[in-house]
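Quick one: this structure, given as structure tokens, is what I'll be asking you about.
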């Protein structure tokens with residue numbers, strides 16, 4: 001019997017399906033955190049940028065109606081205020097199976113222990129089975145939003161693969177999505193996302209992430225001008 005006419009034709013390519021594609025993006029957030037976001041006037045993301053100064057943070061005028069987000073090592077924890085909602089986000093290191101910045105630093109634990117403190121934890125990029133605590137948000141790798149999944153670059157110019165979105169970009173895209181799909185009215189702002197100091201790890205598609213930020217409804221707060229000696233110090 002002769003083979004079907006399409007026997008030698010190439011099979012249609014299957015769409016790329018990333019792990020975590022079926023997770024509930026909205027439902028993964030604890031109800032108490034969703035309530036804080038719904039009432040927030042501003043959501044402010046603070047980068048792990050050593051160039052951020054006390055004056056930069058104080059100029060924001062952070063208050064009780066704001067949600068302030070820190071990442072991984074939370075190197076600017078000393079600047080945070082207990083009056084605001086504080087969300088600590090930790091990205092997952094898949095090769096070594098741990099979350100960056102956990103256990104939390106002394107600055108973070110002291111802030112969370114203050115009376116009336118409203119502190120939350122969000123774990124992102126998880127690639128192993130975990131059972132989250134009731135008040136901890138947990139997202140698997142990847143969060144099924146276009147900018148984080150199908151649109152995110154796969155290959156670096158040198159042929160190696162990107163590991164995926166940075167911790168900050170994961171949360172930035174998530175928060176932008178929540179405004180559109182959950183009706184949250186907050187202003188979305190970033191401080192220190194302009195790379196005035198330090199070095200960027202090559203595993204993330206930084207050009208893509210920056211271009212997304214430039215086109216999004218996000219207020220990028222510039223850092224205050226630094227003296228020549230601070231520029232020299234933070235350039236190393």
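A quick yes/no check of all residues on (1) over 15 Å from residue 23 (Cα atoms); (2) under 20 Å from the mean Cα position of the chain (by Cα); (3) modelled with pLDDT under 90:
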position	(1), (2), (3)
105	yes, yes, no
124	no, yes, no
129	no, no, yes
132	no, yes, yes
135	yes, yes, yes
146	no, yes, no
154	yes, yes, yes
166	yes, yes, no
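Looking at residue 198, is it over 26 Å from residue 80 (Cβ atoms), assigned to a loop (DSSP other than H, G, I, E, B) and modelled with pLDDT under 90?
Taking the combined requirement at face value, the residue does not satisfy it.
Next question. Just give me the residues in the range 217-236 being modelled with pLDDT of 95 or more, surrounded by 11 or more Cβ atoms within 10 Å (Cβ to Cβ) and either assigned to a loop (DSSP other than H, G, I, E, B) or out of contact with any strand residue (DSSP E or B) (no Cβ under 6 Å at 6 or more places or on another chain) (or both), in sequence order.
218
Report, by residue number, each residue of the range 26-53 that is under 15 Å from the mean Cα position of the chain (by Cα) and either surrounded by fewer than 13 Cβ atoms within 10 Å (Cβ to Cβ) or not in a loop (DSSP other than H, G, I, E, B) (or both).
Residues satisfying the conditions are 43, 44, 45, 46.
Please specify each residue of the range 155-165 satisfying the condition of being touching a residue at least 24 places away in the same chain (Cβ under 8 Å), touching a strand residue (DSSP E or B) at 6+ places or on another chain (Cβ under 8 Å) and either assigned to a helix (DSSP H, G or I) or surrounded by fewer than 21 Cβ atoms within 10 Å (Cβ to Cβ) (or both).
162
Could you look through the range 54-86, keep only residues that are without any contact (Cβ under 8 Å) to a residue 60 or more places away in the chain and in a strand (DSSP E or B), and pick out the one that is nearest to the chain's Cα centre (by Cα)?
70
Six or more apart or on different chains, Cβ atoms under 6 Å: show the pairs whose first residue is in the range 130-151 and surrounded by fewer than 18 Cβ atoms within 10 Å (Cβ to Cβ) and whose second is outside any loop (DSSP other than H, G, I, E, B).
Taking only residues 6 or more apart or on different chains, the pairs are 132/138; 136/121.
Could you tell me whether the range 89-107 includes any residue that is buried (at least 20 other Cβ atoms within 10 Å of the Cβ), in a loop (DSSP other than H, G, I, E, B) and touching a strand residue (DSSP E or B) at 6+ places or on another chain (Cβ under 8 Å)?
For the range 89-107, residues buried (at least 20 other Cβ atoms within 10 Å of the Cβ), in a loop (DSSP other than H, G, I, E, B) and touching a strand residue (DSSP E or B) at 6+ places or on another chain (Cβ under 8 Å): present.
The values are calculated or read from the model by the stated rules, or taken from the named source; none is laboratory data. Quantities reported herein were computed from a predicted structural model and do not represent experimental measurements. With ideal geometry, Cβ positions are generated from the backbone for all residues, glycine too; neighbour counts draw on all protein chains shown.
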